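The structure appears below as C-alpha cells.
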Amino acid sequence: MLHTRTTPAQRRRALRERLSTGRLLTVPGALNPLTARLVQDLGFEAAYLSGAVLAADLGLPDIGLTTATEVAARAQQTTRVTDLPVLVDADTGFGGPLNAARTVQLMEDAGLAGLHLEDQVAPKRCGHLDGKTVVPREEMARRLRAAVDARRDPGFLLMARTDARAVEGLAAAIDRAKAYVDAGADAVFPEALAGEAEFEAFRKAVDVPLLANMTEFGKGPLLDARTLQDLGYDIALYPVTLLRLAMGAMEDGLRTLAADGTQAALLPRMQTRSRLYELLGYADYTAFDTAVLDATLPPGA
C-alpha cells in the first residue's frame, strides 16, 4: 500500500541472485506504474522501462529527446509500487562521461536495480532503425568507467549495450562487448543481432550475463524462451510489447466507439472495475483506515 515493501538494495540483490542461477529471466517492459504492478501480479520476476516507450508516452519519437530527469522521475514512480527489480534504458547516458556518471546516481536514487548505457552517438535513435552511428570504442569505455566510478551501490547492475552489429558487423560488436566488460560493465546487451547463429556466437565470446532483445517488428528474429535458454542467454527482454498491445486495443476501441456510438460491444474486452481495484489494492487501503476510504463496488462491476 502506497509504496513497495522492499528496499532498492534488496531488489538489486534479488536481481543479481536471479541472474546467477543460469535460468532465463523474462522481463516485460512496463508502460507506467500500474502496468508494473500487473507485471508483478502475473508472476514475472523483473520489469523494464524502455526509453522508446517513455518517449512515445510523451508523444515523441525515440531519437534522444527525453532527459535524464524525465526518465528518473518515471522510474521513481514505478519503483514505488512494485517489489520487482526494475531495469531502465538510460540511452547514451544523456551526454558525455560526466552526464553518464550523474545518470547512474539519478537512477540509483530512483530505486532502480540497474540500467544500460549504449554506444550510439548522441542524439541516438531506435536500435532497430537504419542510419545509426556509434562512438569510438574508447569513448564508450570512458562512458562506462565514469558510470562505474559514480556507482555507490555495488549491487546496482551496469549493463553495456552495443549497437555496432548493424554498423560495423558482428565481429566488431563482439570486440566492443569485450572492451566494455573490461571497462567495468556487469552485463552486455547486443542490439539487433540478425539470427540465431549470431546470438550463439556472441554467447561463446562474451562471459558475462547477456540480454536478448525480443522487440517486435525489428531486425532480429523473435526467438522463444526455450531457444534463448538453450543458447545460454540470461535475460529475454520484451520492451515495447505492452505498449503495442495497449495501443492496438485502444485504437480498435475508439473505432468501435465512433462507429457504434456506444462502448457496449467492447465490455467483454475490458478489464473490469473489480480487477483494477484489486491491482490498486483498494482493500488494503480500506483495511488501513476505513474513515479514509470505504468503497463498495456496484453490482456486476
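Can you pull out the residues in region 200-227 that are within 16 Å of residue 163 (Cβ to Cβ) and of a type outside the set (Lys, Arg)? First the steps, then the outcome.
Residues of region 200-227 within 16 Å of residue 163 (Cβ to Cβ): 202, 206, 210-213, 215, 218-220.
Listed by number, the residues that qualify are 202, 206, 210, 211, 212, 213, 215, 218, 220.
Scanning region 203-225 for residues that are aliphatic (A, V, I, L, M), open to solvent by 40 Å² or more (accessible area, probe 1.4 Å) and in contact (Cβ under 8 Å) with a residue 24 or more places away in the chain gives a single hit, 225.
Answer yes or no: is there a residue in region 47-56 that is assigned to a loop (DSSP other than H, G, I, E, B) and open to solvent by 40 Å² or more (accessible area, probe 1.4 Å). Within region 47-56, not a single residue is assigned to a loop (DSSP other than H, G, I, E, B) and open to solvent by 40 Å² or more (accessible area, probe 1.4 Å). Scanning region 239-259 for residues that are open to solvent by 70 Å² or more (accessible area, probe 1.4 Å) and outside any helix (DSSP H, G or I) yields a total of 0. Residues in region 182-200 that are surrounded by fewer than 17 Cβ atoms within 10 Å (Cβ to Cβ) and assigned to a helix (DSSP H, G or I): 182, 196, 197, 200.
Of the residues making up region 260-281, those that are open to solvent by less than 70 Å² (accessible area, probe 1.4 Å) and touching a Leu at 6+ places or on another chain (Cβ under 8 Å) are 266, 274, 277, 279, 280.
When 64, 155, 111, 96 are checked against the criterion of being surrounded by 23 or more Cβ atoms within 10 Å (Cβ to Cβ) and either without any contact (Cβ under 8 Å) to a residue 12 or more places away in the chain or over 15 Å from residue 29 (Cα atoms) (or both), 111 stands alone in meeting it. Figure legend. Inter-residue proximity from region 50-61: first residues farther than 15 Å from residue 89 by Cα, second residues assigned to a loop (DSSP other than H, G, I, E, B), beta-carbon distance below 7 Å, spacing 6+ or different chains. Indicated pairs: 58/66; 60/66.
Just one of (1) touching a Lys or Arg at 6+ places or on another chain (Cβ under 7 Å); (2) surrounded by fewer than 18 Cβ atoms within 10 Å (Cβ to Cβ) fails for residue 41. It is (1).
Counting the residues of region 199-222 that are among the charged types (D, E, K, R) and either closer than 20 Å to residue 115 by Cα or in contact with an Asp or Glu (Cβ under 7 Å, 6 or more places away or on another chain) (or both) gives 1.
The values are calculated or read from the model by the stated rules, or taken from the named source; none is laboratory data. Computed from a predicted structure; not experimentally measured. So basically every Cβ, Gly included, is an ideal-geometry build from the backbone, and we count neighbours across all protein chains shown. With ligands, DNA and RNA removed, areas are computed over all heavy atoms of the protein, side chains included. Shrake-Rupley method; radii C 1.70, N 1.55, O 1.52, S 1.80 Å.
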